[in-house]
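Below is one structure, written out as structure tokens, with a few remarks after it.
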Amino acid sequence: IYHHPLRSYKDFSYIGNINIGTPPQEFQVLFDTGSSSLWVPSIYCQSSSCYKHNSFVPCNSSTFKATNKIFDTNYTATSIKGYLVYDTVRIGNLVSVAQPFGLSLKEFGFDDVPFDGILGLGYPRRTVTGANPIFDNLWKQGVISEPVFAFYLSSQKENGSVVMFGGVNRAYYKGELNWVPVSQVGSWHINIDSISMNGTVVACKRGCQALLDTGTAFLRGPRGSVSKIQKLIHARPIDREHVVSCQAIGTLPPAVFTINGIDYPVPAQAYIQSLSGYCFSNFLVRPQRVNESETWILGEVFLRLYFSVFDRGNNRIGLAPAV
Amino acid sequence: CMVIIPLRQMKTMRETLRERNLLTNFSEEHPYNLSQKAANDQNI
């Protein structure tokens, strides 16, 4: 059974195309608000995953510039090694000239992922040397008129989802955007007032933080809080998963995330996933470090319901019900 | 001045594992680790 590589991937699902180099070479990337770097495989990479994905050919690009800086990144059970390089990157008709990005030479654990690389939309990290995120470069180069981007994640499997840069299209949400300041400038974390079900606070009792992460599929929280919610929805553990009776979905209460005084309900139809005759809970445990404050990760389960605007200019996130 | 990029929704690894009944220990052994994700970017 081809087991190990699949287990090592983080949750992901929404993927778009970008072009790198002159003439352009096309890549499918994960647009990820939970990380800040762009990387794609190179033709010099000999790992098995690189043969399965589109690889960048530096010598075919007249605008390519190499450096001797090492690119070395590790995810829990996946890793990438390579070099930091520069080239022209195009997202639609947005062009970032001399964009630094990682070109992998070795990859481990990416064999079966449906994307070639990752495009991080997080804040620039303090210790990154010269590797300015693409969004910062687009803004610095005057390519976008406003330092904002926004996600509309459709529940349609194949189409309808978009990421927009430089502004917000009102056609994708209902009502007004509710703005929430980021809790720590440097990442897309916001403060949550509480998480409740049936009018009772079930988690985040004294307030907590949440990362709005387009690179995560589910709702992840601390073990104690998630266990409490699984009990409340009568989810029973099966093989490290939690399943509920599919007939009960209509009777389960919404999970209400109160953010900045405004309720954001997540109905059972969203936090339960029906698959192969089973109904799985989409609340998953995210182990926390000792003394770490309660932090949730609101992935696509939440972001499909709420159109999200990431405003770098004002360090805030806008949320409104998606159409 | 606004650019809209279409995205495609792909099946998540967890969905694939759920379908194949291969989910054992996925969450426990390879948790999504926020601090690690943050640290990863600092390695460039």
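Quick notes on this structure:
- Qualifying residues in region A:47-100 (those that are among the aromatic types (Phe, Trp, Tyr) and in contact with a Lys or Arg (Cβ under 9 Å, 6 or more places away or on another chain)) - the one nearest to A:Asn17 (Cα to Cα): A:Tyr86
- Within region A:64-76, being surrounded by 21 or more Cβ atoms within 10 Å (Cβ to Cβ) and either closer than 30 Å to A:Gly167 by Cβ or not aromatic (Phe, Trp, Tyr) (or both) holds for one residue alone: A:Thr73.
- Scanning region A:42-91 for residues that are in a loop (DSSP other than H, G, I, E, B) and more than 27 Å from B:Val3 (Cβ to Cβ) gives A:Ile43, A:Tyr44, A:Cys45, A:Gln46, A:Ser47, A:Thr76, A:Ala77.
- From A:Ser61, A:Ser47, A:Ser79, residue being farther than 27 Å from A:Phe165 by Cα, among the hydroxyl-bearing types (Ser, Thr, Tyr), surrounded by 15 or more Cβ atoms within 10 Å (Cβ to Cβ) and over 22 Å from the mean Cα position of the chain (by Cα): A:Ser47
- Restricting region A:197-228 to residues that are part of a loop (DSSP other than H, G, I, E, B), away from chain B (no Cβ under 14 Å) and not hydrophobic (A, V, I, L, M, F, W, C), the residue that is nearest to A:Ile238 (Cα to Cα) is A:Asn198.
- Residue satisfying all of: in region A:229-251; part of a loop (DSSP other than H, G, I, E, B) and in contact with a Leu (Cβ under 9 Å, 6 or more places away or on another chain); farthest from the other protein chains (Cβ to nearest Cβ) among these: A:His234
- Remark: A:Asn159 matches the filter, which requires a residue to be in a loop (DSSP other than H, G, I, E, B) and over 19 Å from A:Leu284 (Cβ atoms).
- In region A:92-102, residue nearest to the other protein chains (Cβ to nearest Cβ) [restricted to those that are surrounded by fewer than 18 Cβ atoms within 10 Å (Cβ to Cβ) and in a strand (DSSP E or B)]: A:Val95
- Looking only at region A:181-196, and only at residues there that are surrounded by 19 or more Cβ atoms within 10 Å (Cβ to Cβ) and part of a strand (DSSP E or B), the one that is nearest to the other protein chains (Cβ to nearest Cβ): A:His189
- Scanning region A:265-323 for residues that are hydroxyl-bearing (Ser, Thr, Tyr), surrounded by fewer than 19 Cβ atoms within 10 Å (Cβ to Cβ) and modelled with pLDDT of 95 or more yields a total of 0.
- In region A:115-125 there is no residue matching the filter, namely being among the charged types (D, E, K, R), farther than 24 Å from A:Arg316 by Cβ, at the interface with chain B (Cβ under 9 Å from one of its Cβ atoms) and surrounded by fewer than 24 Cβ atoms within 10 Å (Cβ to Cβ).
- Here A:Leu177 qualifies as closer than 20 Å to A:Tyr152 by Cβ, more than 14 Å from every other protein chain (Cβ to nearest Cβ) and surrounded by fewer than 20 Cβ atoms within 10 Å (Cβ to Cβ).
- Condition check for A:Ser274: in contact (Cβ under 8 Å) with a residue 24 or more places away in the chain, among the small types (Gly, Ala, Ser) and more than 20 Å from A:Lys228 (Cβ to Cβ): yes
- Exactly one residue out of A:Leu84, A:Leu105 is over 20 Å from the mean Cα position of the chain (by Cα), at the interface with another protein chain (Cβ under 9 Å from one of its Cβ atoms), farther than 26 Å from A:Phe307 by Cβ and buried (at least 18 other Cβ atoms within 10 Å of the Cβ), and it is A:Leu84.
The values are calculated or read from the model by the stated rules, or taken from the named source; none is laboratory data. Please read these numbers as outputs of a predicted model, since none were measured by experiment. Positions of Cβ are generated from backbone atoms using ideal geometry, with glycine treated the same way; all protein chains shown enter the neighbour counts.
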